[in-house]
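Step one of this worksheet: look at the structure below.
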Amino acid sequence: MRIRFTLIIILTFFTFSLFAQEKPIEATMKTRRMAESAELEGNLYAAIYYYETLHRSKPHHSRTVYKLAGLYSEVKEFSKAKDLYHLLLNQKKKNNELYYRLAISYKQLGMYDSCLFFLNKCDKKQLSPELKKKFPIELEGAQLGKDQPKETDVVTIKHLEAPINTPNMEYAPSFMNDSTIFYSSVVELDGSASSKVYGQIFMASYENSLWRKSNDLPVQGLTDNLYLGNGCLSMDGKRYYFTQCFVNWQNKTICQLYYSKLVNGNFSEPIKIENGVNDLYFTTTQPTVGSTYNPDLEIIYFASDRPNGIGGTDIWFTVYNTKKNTFNAPLNAGSKINTPWNEATPFYIPETKTLYFSTDGRAGFGGFDVFKSTGELKSWFKPKNVGNYVNSNADELHYILNSRQNAGFFTSNRKGSYNIYNEFCCYDLYFFQFKNPENINLKGKLLVSLNPKIEELLKYGVEFRDSLKTEKYLNKAVVSLYLKDNENNDSLFIRSDTTNNMGSFNFVVERNQAYSVLIHDKDEYKGKMDVVTADTLKNLTNDIILDSKEIETLPEVPLIIKNIYYESGKSDLTRPAKHRLDSTLVALMKGIEDIAIEISSFTDDVGDATYNKKLAEQRAQKVLDYLVVEGIDSERLVAKGYGEEFPIAPNKNPDGSDNPQGREKNRRTEFKILGKYKQSAIRF
């Protein structure tokens, strides 16, 4: 946040005037006490002023130089910190901690060769436990910065101009839609020297290829005169989650989660989230929303420094039940995401189950780098650095993407940001667009391939009922997408799709990933397809089209067994009919031993309908009995007689005369495959 330097200088000058004529030793002691007091209160710039005063009077005082160098690092004056660490090394010749801190200053300046030089001069064993733990991470990050060429062909990045970005701090962008964002900005209430500064939420819109601030006032309906920010919309767009912050008695900023309901474009009064989600002594901030298997549940991920975490600031989550309007007690996202250091600004994409977040606890190019992982709740894949197309030697935070995932925003204090004190002091908004989409469509088509036993029956006079035939495309198959982690021999379910009447399915997938597509038809596993998207990173295409896959299936439509004859008005099978059954149904049931079928018998409309139905039932039962005699399990068989119902041809001609050919077609025996017989028993 912006510090009112005028006020600091006035107060400082007044204080010094009180003891300017005192003895130099007494004045120095008072200055040191004021420096230490300001540092304790968190007023780093005032502390720097006092330590600079001490440094000018005693340029080689090691304690003063060390304190001042550390404060410079905290306010991101890395060049000044670097010079002071060099000064200390010239005095002390060799000091492992100084080598380490000097190396980190070089890294933050983007001078990776110098960083590696001084890290390699460190005796890691002589470092403090905290620095020893961080040492390999910083070493890997510096090597990454040195070795990885700048990715200039992935995105175009634009630093937003005033009045969106100001010399103060802009942060926490969130999409309301693809052409409108809310963002937070630090503002002064009245512009006076003694004015307090606050975070407020503003709106910007995309017009004529430019992002423009929609108005000069904070978004109406949200409480004024509080530190507001870090907002996001709920999955259904009916709630806006955000944080309100205050400074407690320990001079610590405490943020808490609230939400406002959106009704007809207007915000309700903020509602504080309860059930232990917020804590009076620890911060809860930076919400992002995810989904689960249950559409009534919404996952709110957030950052917090509360106890029982992994490190400094961790990513946590709470589950919101939209029906009951309740929030569960928060849980830590786990050590796959969180480190002993700090994780912040999570952003979740439910469609691909991708979590973007910033951390200073993993190998990166600068301070906070953007990483991404795939998973949900407490189950995650190993996070990966998104690369230097976004990350720099500075901090990158609040990475978000639009609904099409072809553009987004992040916050950074990189060189070129507006500032009021030094080139790394203040955070601005940056808009980026992918030259090729980050995510692509994975499309496929499933074709029907009849079971060979059915194909064989078709050669022996069995046919599909009248004009009904099996479909060319497999409809209503369940296709499931899994992300593969080959390094750990693991996989993660992403989502399922159901094929349409053209056998098609579609998933949105990420580049540089490996996936498996598993196919189930009628709850039976039918195989999988593997696909790797890594080699498409520089490809102009937005789609990956998989080869059409034939899926062996059983027909759902009835099949007619021709030449099943009975004695007139009787149900007994004739000898030719039995021979016909031997070559068709008996062969089928023995060839596919796990299917169940319905045997259906039909008559024409000659005679009484009730009699015909009873006769049909008896004939169907005779077929069933014959199959049982031939060794087919009766549990796999269902017999039904329909009589003159469901004719497949006219019994009479249009002029009312008899239609012998039509009646012959209607006097038929059919069978229909019900599915796997143990799964189908409930349908009998």
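Just so you know, all these numbers are worked out from the coordinates, no wet-lab data involved. If you're wondering where the values come from, they're calculated on a predicted model, not measured in any experiment. For neighbour counting, all protein chains shown are included, and Cβ atoms are generated from backbone atoms with ideal geometry for every residue, glycine included.
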Original post:
Which of the peptides 98-109, 319-330, 633-644, 263-274 is most tightly packed, and how do the rest follow, going by the mean number of other Cβ atoms within 10 Å of each residue?
Top reply: 98-109, 633-644, 319-330, 263-274
Original post:
What net charge is computed for the residues neighbouring Lys549, neighbours being all others with C-beta under 10 Å from the C-beta of Lys549, Lys and Arg scored +1, Asp and Glu -1?
Top reply: +1
**OP:** Can you figure out the FRET efficiency of Lys590 with Asn328, using R₀ = 56 Å and their beta-carbon distance, to the nearest 0.05?
**Re:** 0.55
Original post:
With the dipole of the chain worked out from charges on the C-beta (+1 for Lys and Arg, -1 for Asp and Glu) around the Cα centre, which of Ala303, Leu84, Thr359 lies farthest toward the positive end?
Top reply: Leu84
Subject >> Per-residue HN-Hα couplings for segment 303-316 [Karplus 6.51, -1.76, 1.60; θ = phi - 60°; Hz; x = Gly/Pro] >> reply: 9, 7, 9, 5, x, 6, x, 8, x, x, 9, 10, 9, 10
**OP:** Taking a cut-off of 26 Å between Cα atoms, list the lysines near Lys261, but don't count ones fewer than 8 places away on the same chain.
**Re:** Lys213, Lys238, Lys272, Lys323, Lys324, Lys353
Subject >> Unit Cα scatterers, Debye sum, segment 559-683: log10 I(q)/I(0) for q = 0.15 Å⁻¹ >> reply: -0.68
**OP:** Please list 655-661, 606-612 highest first by mean number of surrounding beta-carbon atoms within 10 Å per residue.
**Re:** 606-612, 655-661
Subject >> 0 to 90° range, to nearest 10: angle between helix 62-74 axis and the chain longest Cα axis >> reply: 40 degrees
Original post:
Using only Cα atoms, what is the ratio of the radius of gyration of the chain to 2.2 N^0.38 Å?
Top reply: 1.40
Subject >> Helix 609-629 vs. the chain, principal-axis angle (Cα, 0 to 90°, nearest 10) >> reply: 80 degrees
Subject >> 3J(HN,Hα) from dihedral phi, segment 352-367, Karplus parametrisation 6.51/-1.76/1.60, rounded to Hz, x for glycine, proline >> reply: 10, 6, 9, 10, 9, 7, 10, 8, 10, x, 10, 4, x, 7, x, x
**OP:** For Thr166 and Asn486, calculate 0.36 nm times their separation in residues minus their Cα-Cα distance, and state this gained length in nm to one decimal.
**Re:** 110.6 nm
Original post:
What is the calculated FRET efficiency for Lys272 to Asp582, with r their C-beta to C-beta distance and R₀ = 60 Å, to the nearest 0.05?
Top reply: 0.20
**OP:** Please report Rg over Rh for segment 155-434, where both radii come from the alpha carbon positions and Rh follows the Kirkwood definition.
**Re:** 0.93
Subject >> Phi to ³J(HN,Hα) by Karplus 6.51 cos²θ - 1.76 cosθ + 1.60 over segment 632-639, Hz, x for Gly, Pro >> reply: 8, 4, 5, 5, 8, 10, 10, 10
Subject >> Magnitude of the charge dipole, the chain, Cβ model with Lys/Arg +1 and Asp/Glu -1, debye to 20 >> reply: 1680 debye
**OP:** Mind giving me the nanometre distance, one decimal, between the label points for Ala534 and Lys261, set 7 Å out from Cα along Cα→Cβ?
**Re:** 5.0 nm
**OP:** Please name which of Leu160, Leu119, Tyr106 has its Cα lying farthest along the dipole of segment 31-170 towards the positive end, using unit charges on Cβ (Lys, Arg +1; Asp, Glu -1) and the Cα centre as origin.
**Re:** Leu119
**OP:** Considering the options Thr288, Val75, Tyr259, tell which one lies farthest towards the positive end of the dipole of the chain, charges being +1 on Lys and Arg and -1 on Asp and Glu at the Cβ, about the Cα centre.
**Re:** Val75
Original post:
Given a cut-off of 21 Å, what percent of all Cα-Cα pairs of segment 319-444 lie beyond it?
Top reply: 47 percent
**OP:** Within segment 44-62, which residues have the backbone N less than 19 Å from the label spot 7 Å out from Tyr421 along Cα→beta-carbon, could you tell me?
**Re:** 44-56
**OP:** Give me the distance in nm between label points sitting 7 Å out from Cα along the Cα-to-Cβ direction at Lys132 and Ala514, one decimal.
**Re:** 3.7 nm
**OP:** With runs of 4+ DSSP H residues as the only contributors, calculate the mean residue ellipticity of the chain at 222 nm using -39,500 (n - 2.57) per run, divided by the residue total and rounded to the nearest 500.
**Re:** -7500 deg cm²/dmol
**OP:** On a 0 to 90° scale, report how tilted helix 112-121 is relative to the longest principal axis of the chain, with both axes built from alpha carbons and the result rounded to the nearest 10.
**Re:** 70 degrees
Original post:
At Thr498 and Thr156, where each label point lies 7 Å from the Cα along Cα→Cβ, what is the point-to-point distance in nanometres?
Top reply: 4.3 nm
